[in-house]
1. List the trypsin sites (Lys or Arg not before Pro) within segment 205-246 that DSSP assigns to loop and that have no more than 10 neighbouring Cβ atoms inside 10 Å.
2. Filter the DSSP H helices in the chain by two things, a Kyte-Doolittle mean of at least 1.0 and an axial alpha-carbon span of 30 angstrom or more, and list the hits by number.
3. To the nearest 0.05, what FRET efficiency results for residue 158 and residue 387 with a Förster distance of 60 Å applied to their C-beta separation?
4. Counting only Cα, what are the radius of gyration and maximum Cα-Cα distance Dmax of segment 27-123, in Å?
5. Under the classification rounded if a/c is under 1.5, otherwise prolate if a/b is larger than b/c and oblate if not, where does segment 309-464 fall, given a ≥ b ≥ c as square roots of the Cα gyration tensor eigenvalues?
6. Give me the distance in nm between label points sitting 7 Å out from Cα along the Cα-to-Cβ direction at residue 202 and residue 472, one decimal.
7. Say the cut-off is 19 Å between C-alpha atoms; which of 530/552; 15/375; 151/267; 176/530; 151/209 go over it?
8. Identify the GluC sites (Glu not before Pro) of segment 224-294 meeting these criteria: DSSP loop state and at most 13 other C-beta atoms within 10 Å of the C-beta.
Amino acid sequence: MSTTPYSAQHISSLKADTPSFLALQEHYAATKNIPLRALFDGDPDRFASFTVEAAGLFLDYAKNTLTSETMSLLFNLARERHVEARREAMFVGEKINTTEHRAVLHTALRTPWPPSSAAAALVVDGQQVNADVHAVLEQIATFTESVRSEKWRGYNGKPITDIVNIGIGGSDLGPKMVCQALRPFQHARLTMHFVSNVDGHDIDAVLSKIDPATTLFVIASKTFTTMETMMNAHSARQWFLTQAETATETDLAHHFVAVSTNTEGVKAFGIDPQNMFPFWDWVGGRYSVWSSIGLSVALAIGFERFSEFLAGAHAMDSHFRSAPLEQNMPAILALVGVWQRNFCGSASLSIAPYHQDLGNFPSYLQQLEMESNGKRTALDGSPVEVNTCPVIWGNVGTNGQHAYFQLLHQGTDITPVDFIAALAPEHRLPGHQAALLANCFAQSEAFMRGKSADEVRAEMQTKGMPEDQITALLPHRTFPGNRPSNTILMQKLTPAALGALIALYEHKVFVQGVIWGINSFDQWGVELGKVMATHILDELNTNATCDSSVGKHDSSTNGLINRARAVLMA
Ligand code: F6P
């Protein structure tokens, strides 16, 4: 295992007074008034200079308010923050998740088997990582083939028709997003369902449309302790035993499998460990779709396609690990984001996939980016000194255009946008794809160019509008432009392209975390609310009224609990 020239525990926040940060600040002050339009007008080669291709993806970052000098200053910053050394530390299995004392090895889940050399074979805490990953992939291959080919049947001999993935966070968002994105590759007999919310309406809606005799439940939870997942899993188990005619407890084995790192928890729930697909604590929840958490994906699209998905991610890993920063797509995407966030002052990033099947991609990225880099404490425990992760949000184009794009074009905040599109569609309907792409490209052009008052005036004059009306409407119809965006293109939304796309964002998040000096792989921030909900649940389930004299809650929380209890206890 290689060693890095520093210890992660001593990495402090990016400081606003470091030379590279100050240089970027000065550069921003000197260039902030140069409009994007002028940057394009002054450089006919701008597209060639600010595009990069890797692992089947094409990134155009030319429509950002930056120049070659900006990029070179950002690469200096990345080097000063040891991005390359830290990248290698991740790939070789160093315990870079220092608050949980864990390696971060989602990249090992997609390393081809057998590893290309003895040096490439990973050993972490005595564990033969590649061999273990391969063994679980074999288990997934055998099981998914058996379900898809009707060898695996329900308790009364019928083939499985419905698969219900019960999980939340990384145990839901990844499989759900990927199954939707790869819908055209899905097995015709299988319908995929996803239940995540502790709100009973979620599971109720699914249970009301499935047949217990032909349903397979995949209980997906890294810890197998998550309240939402355990409650939904128990409800599903109970529903199966009451709804499946003649079924007994032993029949559960045909209908419940588990994906987890917690063998004891799985056994305690009543699932035979033979029907458990393991993974390891060096796989973070939001990085787990490549592990057995991807079981639902492999069931839906088949193991061969699942392998292509892993291979696409591996292609991006190889690029990220070896390409110099100047040609490194994840590093560039990350640095453009740092420029927008820390120098241009953007507080959010909108994700606009121009592909209906990527509808869940913005929510997936919300967890990936915000749970990873929504931190205010540096690795060394000190408070961060610069802004970290922006708010990630979005929806598919063209729908977003008719909802919130107004604010993106003319609102008071400048929100960068990541446009994502596949050039060729999976369908054969005439006209739609060109219309979709025309909208995608038009939006990024409109954000960049805007429409000046002179242009608006000339247009209205050509239409013969009276001068007083022109004067009144002019400010409303003017677009400031200068609004930044990236565009990511792929040929088609194949399993490999999707794998590369997700890996691109994973590594982007990694690079930003390194630059900001935070741990992108823990999530302590979700704990407080979880613990408090457990206390309130007890209170909602008991008879005693909550009052401030008990000193447990503030008057607002007491009041809300008491109002709810009046209904729940009725
Ligand atoms: O929200 C916190 C979190 O721990 C996520 O990181 C994780 O993806 C999710 O809960 C689900 O956890 P588990 O897979 O252990 O049920």
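1. Qualifying residues, ordered by number: 209.
2. Span-like helices, by this rule, are 495-516.
3. FRET efficiency, residue 158 to residue 387: 0.60.
4. 19.3, 54
5. The shape class here is oblate.
6. 5.1
7. Listed pairs above 19 Å: 151/267; 176/530; 151/209.
8. Here the GluC sites (Glu not before Pro) that fit, given the DSSP loop and packing criteria, are 245.
The values are calculated or read from the model by the stated rules, or taken from the named source; none is laboratory data. All values reported here derive from a predicted model rather than from experimental measurement. Please note: Cβ atoms are built from the backbone with ideal geometry, for glycine as well, and neighbour counts cover all protein chains shown. For the accessible areas, the whole protein counts, side chains as well, though only heavy atoms, and no ligand, DNA or RNA atoms are used. Shrake-Rupley method; radii C 1.70, N 1.55, O 1.52, S 1.80 Å.
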